[in-house]
1. Quick check for me: using +1 on Lys/Arg Cβ and -1 on Asp/Glu Cβ, what's the dipole size of region 1-134 about its Cα centre, in debye to the nearest 20?
2. Is region 79-124 rounded, prolate or oblate when judged by the Cα gyration tensor, a ≥ b ≥ c being the square roots of its eigenvalues, rounded requiring a/c under 1.5 and prolate requiring a/b larger than b/c?
3. Which parts of region 61-95 would a label at F152 reach, counting a residue when its backbone N lies under 17 Å from a point 7 Å out along Cα-to-Cβ?
4. Note down the relative contact order for the chain as a percent, whole number, built from C-alpha pairs under 8 angstrom at least six residues apart.
5. Taking other Cβ within 10 Å of each residue's Cβ, how do I195, I62, I85 sort, fewest first?
6. Sort L129, L179 by Cβ crowding within 10 Å, fewest neighbours at the top.
7. For region 84-222, what are the per-bin percents of Cα-Cα distances with bins 10 Å wide, up to the bin holding the maximum?
8. How much net charge surrounds V160 when only the other residues with a Cβ under 15 Å from the Cβ of V160 are counted, with Lys and Arg +1 and Asp and Glu -1?
Amino acid sequence: MGLDVTFLGHSGFLLSDGATTVAIDPFLTGNPVAVTKPKDVRCQAIVLTHGHSDHMGDSVAIAKANDATVFGAFEIYEYMGEQGITAEPGNPGGKITADWGWVAFTQAFHSSSYNGRYLGMPCGAIVHLAGVTVYHLGDTTVFGDMKLLGEFYKPDIALVPVGDRFTMGPELATMAAELIKPKVAVPIHYATFPIIRQDAKGFAPKGIEVKELKPGETWRYA
């Protein structure tokens, strides 16, 4: 069994086992590098790491179009409920089971708001689908407990921000990946806007395969 990993650009992804598709941080409208349109996304679940517009993105429209369930921090859950969307609340340290797998939230060092509204703690998100565990770090700097998270969840894939300024740059991202020790690390949150880094040069964790993806590209992890 394998997992199709589609990079939407910036920090957005689709994870699919052929029967179930999970979207993470689907920021498409207003994303200058995105090649996928919100109307083309088909998914059963949406996982949001935090409330910033470049992560919430098109989640409301996609959720309504697909009758998809949104997984997020408690305040995101409340917001989605106000939009008439089915949601599942969580926070760091907890796990939410679904008929296709599970979602767990981790801490992240960042901020979280949407149109001036506080939307809870920023999080990382761990998604388990098709026997594959994917750790999306969200927007964060490195922190020592990444080592514990890696030991506990044993992620196959880590999606690691490298764009600097608002997240880690490549050097700290390298340290983060080496603490987590996934089989594969995918650099994210770069080359979207001029204010962040335009490449992932310097992201080179030892003993870990680095897989750079282009927006719209699908990679099969088996």
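Derivation of every value follows stated rules applied to the coordinates shown; laboratory data play no part. Computed from a predicted model, the values in this text were never measured in an experiment. Because the Cβ atoms are built from the backbone with ideal geometry, glycine has one as well, and the counts that use them run over all protein chains shown.
1. Working: 6 positive and 12 negative charges, 26 e Å.
Once rounded to the nearest 20, the dipole reads 120 debye.
2. Oblate, since a/c reaches 1.5 and b/c is not below a/b.
3. Zone members listed by number: 73, 90-95.
4. Details: 585 pairs, mean separation 41.6, N = 222.
Across the chain, relative contact order equals 19 percent.
5. Lowest count first: I195, I85, I62.
6. L179, L129
7. 12, 41, 36, 11, 0
8. -2
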